[in-house]
Amino acid sequence: MPTPRHKMPTPKRRPPPPPAPNVVAPADNSPPNPQFYLQEPSRKKNPSRSTKLFQRVRSVFRSFPVISPPCKMPVPINDGHIHGGKQMTGTLFGHRKSRINIAIQENPRCLPVLVLELSIQTGKLLQDMGLGLVRIALECEKHPSEKIKLLDEPIWTMYCNGRKAGYAVKREVTDDDLKIIQILHAVSMGAGVLPGNVADSPEGELTYMRAYFERVTGSKDSETYYMMNPDGNSGPELSIFFVRV
């Protein structure tokens with residue numbers, strides 16, 4: 001009589017694991033843009049009614065013949081400031097072998113109101129400033145039909161200590177400019193080299209110089225920035241003249 005065969009129990013199948021939630025991969029793995037905490041510069045309010053009336057009266061008096069008094073140039077006083085000037089912050093920066101940039105701010109924590117690129121190397125200008133006074137004159141042609149502010153002119157003919165030295169160009173503020181200004185937001189005056197890997201850069205180190213400038217407005221077609229010496233004993237090392245002729 002044959003021996004009955006015992007059937008092996010069928011192992012129970014485990015239920016399949018629940019499906020994993022859909023994970024959406026990020027579309028862009030690039031680092032986020034840096035955040036800037038610089039303040040907007042103050043904007044002048046529209047002139048009041050009394051101010052407009054004063055401007056009209058002054059324009060009428062300008063049409064009368066007037067005997068001009070002797071010309072008075074801005075004269076520094078004992079603390080190194082200039083009568084009638086407004087204190088601004090100016091920063092010169094750039095790689096030593098590339099063109100220098102000048103950023104003008106109301107204060108170190110404000111966005112720049114003007115950024116200029118000059119056709120002179122950073123190292124050359126800083127070297128000249130170390131040897132003595134440097135005067136930069138920026139001239140552009142006057143167009144009576146166009147109503148444009150002086151510092152909004154796009155291009156200037158540049159003279160350095162009386163010699164023509166190419167051109168200066170007003171440009172838009174870039175992210176690189178904002179990074180540099182953000183790094184220097186706590187610096188009121190000083191000079192040095194900004195951190196960064198420049199070992200392989202053919203343009204040399206990224207240097208800067210920051211100082212206070214006295215802004216003196218002569219007219220709607222002339223404006224001057226005098227860099228003030230921190231010790232207050234000698235005159236400015238750099239003067240920048242904006243003139244429309």
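Could you tell me which residue of segment 171-184 is nearest to I136 (Cα to Cα), considering only residues that are open to solvent by less than 70 Å² (accessible area, probe 1.4 Å) and more than 10 Å from the chain's Cα centre (by Cα)?
L184
For segment 127-156, filtered to residues that are open to solvent by less than 60 Å² (accessible area, probe 1.4 Å) and more than 22 Å from G218 (Cβ to Cβ), the residue that is modelled with the lowest pLDDT is G132. Out of Y167, Y159, one residue alone is among the hydroxyl-bearing types (S, T, Y), at pLDDT 95 or above, within 23 Å of E214 (Cβ to Cβ) and open to solvent by 60 Å² or more (accessible area, probe 1.4 Å). It is Y159. Within segment 190-206, if we keep just the residues that are at negative phi, part of a loop (DSSP other than H, G, I, E, B) and exposed (fewer than 14 other Cβ atoms within 10 Å of the Cβ), the residue that is modelled with the lowest pLDDT turns out to be A199. Residues in segment 139-158 that are in contact with a Leu (Cβ under 8 Å, 6 or more places away or on another chain) and part of a strand (DSSP E or B): W156, T157, M158.
The values are calculated or read from the model by the stated rules, or taken from the named source; none is laboratory data. The shown structure was predicted, so the numbers you read here are calculated from the model rather than taken from an experiment. Cβ sites come from the backbone with ideal geometry, for glycine too, and all protein chains shown count toward neighbours. Only protein heavy atoms, including side chains, enter the accessible area calculation; ligands, DNA and RNA are left aside. Shrake-Rupley method; radii C 1.70, N 1.55, O 1.52, S 1.80 Å.
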